[in-house]
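These notes are about the structure you will find just below.
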Amino acid sequence: MKVLITGAAGFIGSNLTKRLLERGHSVIGIDNLNYGFLRNIEFAKGNPNFEFILGDIANPLIMNGVKADVIVHLASQKIPRYTNALRTLEENYLMLRNVVQKCTYDKTKIIFASTSDVYGKNPHIPYNEESDLVMGPTNVKRWAYALSKMYGEQYIIANHDEYGLTYSITRFFGSYGPNQNLTWWGGPQSVFIEKAYKNEPIDIHGDGLQTRTFTYVDDTVSALVLCVENEKSNNEVFNTGGKSGSEISIKDLAILIWRLVNGEKSEPRLNYIPYSSFGKYEDVRRRVPDITKLRTYFDFKPEWDLERGLKVTIEWQKQFLTN
């Protein structure tokens, strides 16, 4: 198959590119390199089955003349923790609109990267694909990202109903691993690894008791490949999460990373930062997926536990760290 990946030089995009090429597919990657890096796709340089286009998917002309069997739309703005929400709302819509119009015109399937954040403040754990999506107040900008993804899901399904667009929607839960962005953009684990390596206090937002379920990128990519290759995924929504029991508090994640980097006997240094220090902000206390649907449709089994995945990730990230 020929697969177009938006955000191909980013974290998940580069890992997906590698897997698809290994499986004999052709890949066209598009990235503006705002958050991705050419180093992430260096392995594909010279591969006749890979083509890279430097450009912004928010530009509707960027895909002119490009044909693919499937478009995996990964490019996205994320939670505006420190920035204005307008860019998240506008760019996520513009990029999705352009991809959907391309898919509709070419009769190409879209695989849309959604997020566990769409479940918002729903207190009923674990979340399955039919769970309610519960947002906080509109004057808290943290919900802009979740709302952009909720809109994206609705927009895709509406285009399916109206124009026959074929889709799969994947809701990612806490992906991490090699090629992850090394800032908060990449998730707390990225920043925690750097702080632990430099023996600096790890910043914990809030009390640190909020939990997340983390998914090693190989498991995330395995789920995406199933959506690319298997028609049973057509017009379905799937949670994509890690092994059962991989829920962990942010505080415990920091302690685990500190000890994996500095040894079991090293005392972690934690610095608690109130949410009020970066504006009006809300966090979610728990985030746990039910991946029964993915298991049932494809016999999907996540292979990576958190500690094993973090060890590999830490070894990869060390190349970018200096004392």
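The values are calculated or read from the model by the stated rules, or taken from the named source; none is laboratory data. Everything numeric in this text was worked out from a predicted model, so none of it was measured. Glycine also receives a Cβ, built like all others from the backbone with ideal geometry; neighbour counts cover every protein chain displayed.
How many of the residues making up the range 255-270 are assigned to a loop (DSSP other than H, G, I, E, B) and under 24 Å from the mean Cα position of the chain (by Cα)? Walk me through how you get there before you give the answer.
Filtering the range 255-270 down to residues assigned to a loop (DSSP other than H, G, I, E, B) leaves 263-269.
So of that shortlist, the ones also under 24 Å from the mean Cα position of the chain (by Cα) come out as none.
Result for the range 255-270: 0.
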Completion exercise
The lone condition Leu89 fails out of (1) under 25 Å from Ala223 (Cα atoms); (2) touching a Ser or Thr at 6+ places or on another chain (Cβ under 7 Å); (3) not in a loop (DSSP other than H, G, I, E, B) is (1)
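Can you confirm whether Val72 is surrounded by fewer than 20 Cβ atoms within 10 Å (Cβ to Cβ) and either in contact with a strand residue (DSSP E or B) (Cβ under 9 Å, 6 or more places away or on another chain) or not in a loop (DSSP other than H, G, I, E, B) (or both)? Talk me through it step by step, then tell me what you get.
Details: surrounded by fewer than 20 Cβ atoms within 10 Å (Cβ to Cβ): no; either in contact with a strand residue (DSSP E or B) (Cβ under 9 Å, 6 or more places away or on another chain) or not in a loop (DSSP other than H, G, I, E, B) (or both): yes.
No: the conditions fail for Val72.
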Problem - Matching entry among Thr83, Thr17, Thr88 (being of a type in the set (Val, Ile, Thr) and surrounded by fewer than 18 Cβ atoms within 10 Å (Cβ to Cβ)) - result: Thr83
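With modelled with pLDDT of 95 or more, of a type in the set (Asp, Glu) and under 18 Å from the mean Cα position of the chain (by Cα) as the only criterion, which of Asp252, Asp218 stands out?
On the way: Asp252 fails: under 18 Å from the mean Cα position of the chain (by Cα).
It is Asp218.
Do you know which of the residues in the range 221-249 that are in a strand (DSSP E or B) and among the β-branched types (Val, Ile, Thr) is farthest from the chain's Cα centre (by Cα)? Steps first, please.
First, pick out the residues of the range 221-249 that are in a strand (DSSP E or B): 236-240, 247-249.
Next cut, among the β-branched types (Val, Ile, Thr) only: 237, 240, 248.
On the way: Val237: 15, Thr240: 10, Ile248: 18 Å.
Checking each candidate, the answer is Ile248.
Here is a yes/no grid of residues against (1) surrounded by 15 or more Cβ atoms within 10 Å (Cβ to Cβ); (2) of a type outside the set (A, V, I, L, M, F, W, C); (3) at negative phi:
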| residue | (1), (2), (3) |
| --- | --- |
| Glu229 | yes, yes, yes |
| Asn234 | no, yes, yes |
| Ile255 | yes, no, yes |
| Arg259 | yes, yes, yes |
| Lys265 | no, yes, yes |
| Ile273 | no, no, yes |
Fill in the blank from the handout: Out of (1) in contact with a strand residue (DSSP E or B) (Cβ under 6 Å, 6 or more places away or on another chain); (2) closer than 30 Å to Leu33 by Cβ, the one Leu270 does not meet is (2)
